[in-house]
Amino acid sequence: MLRCLGIIVFLLTPATHAIAQERSQPLKIHMISGSKEYKSEESLQAFSQFLEREYHVTCSASWGRDGATQLENLEALQDAELMLIFARRMKLAEAQMAMIRKHWEAGKPIVGIRTAGHAFQSADNELFDRKVRGGHYAGHYGGEEVKVQNDPAAAAHPVLAEVGSFTSTKLYKAGELDPTTTVLQTGDIGKAKHPVTIVHEYNGGRTFFTSLGVPADFEDPDFRRLLGNAVFWTTQRDPATMKKPSSP
């Protein structure tokens, strides 16, 4: 009997050790913000507070603006596992763009929101938009209500776990997708329907992008759940083991 128990303990120890190690090493996320129209800073500050409160996560950030030429605290990206970007047409100096390119060329995880498809200038947008995230920004429609639905073919994808349908506004037009891109959600305004949430791989790293992200979206529990799932899927972390114990 004791011998059997010893075998069970031996078999469980590696898994238990892995969980303990994952919990002892918080996931480091660096957020890059710079989309004034969509209030990216306010939305990401609230989202980072949620993540740090609920999970073993630490967030650093570079708070910028549309067309920013310099970002403070971008050096923190070098130690981060995940880059989360919600910025628009920044004009960063080459030294800072090199830091950002280094992250994606290393195949490190990326979560992109709304304007991330055109976060930089032309040459970098072309690479980041089409190759890294596997999509193509092609403009947007007006303020019509958008019905956001999960793609049935991707129903079992971990990013969609417990994510239901919801509504948004300002549907983005999606150009041609990379053949290896997976569509998770579509947005429908009646006269037009486009992919709004996609996942892809680049240099072995997982990327997630959603063209949703107007301020009201961050108030929707399904959208917040979508983003939370994306954080852990791209970084290949188990959200259950990353969850902090509930307060008594």
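Against the list (1) touching a helix residue (DSSP H, G or I) at 6+ places or on another chain (Cβ under 8 Å); (2) under 28 Å from residue 239 (Cβ atoms); (3) polar (S, T, N, Q); (4) open to solvent by 50 Å² or more (accessible area, probe 1.4 Å), the condition residue 169 fails is (2).
Restricting attention to the stretch 13-59 and to residues that are open to solvent by 100 Å² or more (accessible area, probe 1.4 Å) and farther than 30 Å from residue 87 by Cβ, the residue that is modelled with the lowest pLDDT turns out to be 17. Scanning the stretch 203-227 for residues that are outside any loop (DSSP other than H, G, I, E, B) and either over 11 Å from the mean Cα position of the chain (by Cα) or surrounded by fewer than 21 Cβ atoms within 10 Å (Cβ to Cβ) (or both) turns up 205, 206, 215, 216, 217, 218, 219, 221, 222, 223, 224, 225. You will find that of 159, 163, 199, 183, the residue that is on the phi < 0 side of the Ramachandran plot, in a loop (DSSP other than H, G, I, E, B) and in contact with a helix residue (DSSP H, G or I) (Cβ under 7 Å, 6 or more places away or on another chain) is 163 and no other. Residues in the stretch 205-248 that are of a type in the set (D, E, K, R) and more than 22 Å from residue 33 (Cβ to Cβ): 222, 237, 238, 243, 244. Residues that are open to solvent by 40 Å² or more (accessible area, probe 1.4 Å) and either under 19 Å from residue 66 (Cβ atoms) or touching a strand residue (DSSP E or B) at 6+ places or on another chain (Cβ under 9 Å) (or both) within the stretch 127-150 comprise 131, 136, 137, 138, 140, 141, 143, 144, 145, 147, 149, 150, listed in sequence order.
Across the stretch 105-126, the number of residues qualifying as under 21 Å from residue 66 (Cα atoms) and either touching a residue at least 60 places away in the same chain (Cβ under 8 Å) or hydroxyl-bearing (Ser, Thr, Tyr) (or both) comes to 10.
So that you can scan it fast, the table gives a plain yes or no per residue for (1) over 29 Å from residue 185 (Cβ atoms); (2) surrounded by 14 or more Cβ atoms within 10 Å (Cβ to Cβ); (3) not charged (D, E, K, R):
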{"residue": "74", "(1), (2), (3)": "yes, yes, yes"}
{"residue": "86", "(1), (2), (3)": "no, yes, yes"}
{"residue": "101", "(1), (2), (3)": "no, yes, no"}
{"residue": "117", "(1), (2), (3)": "no, yes, yes"}
{"residue": "124", "(1), (2), (3)": "no, yes, no"}
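The values are calculated or read from the model by the stated rules, or taken from the named source; none is laboratory data. Keep in mind that what you see is a predicted model, and the values were worked out from it rather than measured. Here Cβ is always computed from backbone atoms with ideal geometry, including for glycine, and neighbour counts include all displayed protein chains. Protein only, heavy atoms only, side chains kept; ligands, DNA and RNA dropped before computing areas. Shrake-Rupley method; radii C 1.70, N 1.55, O 1.52, S 1.80 Å.
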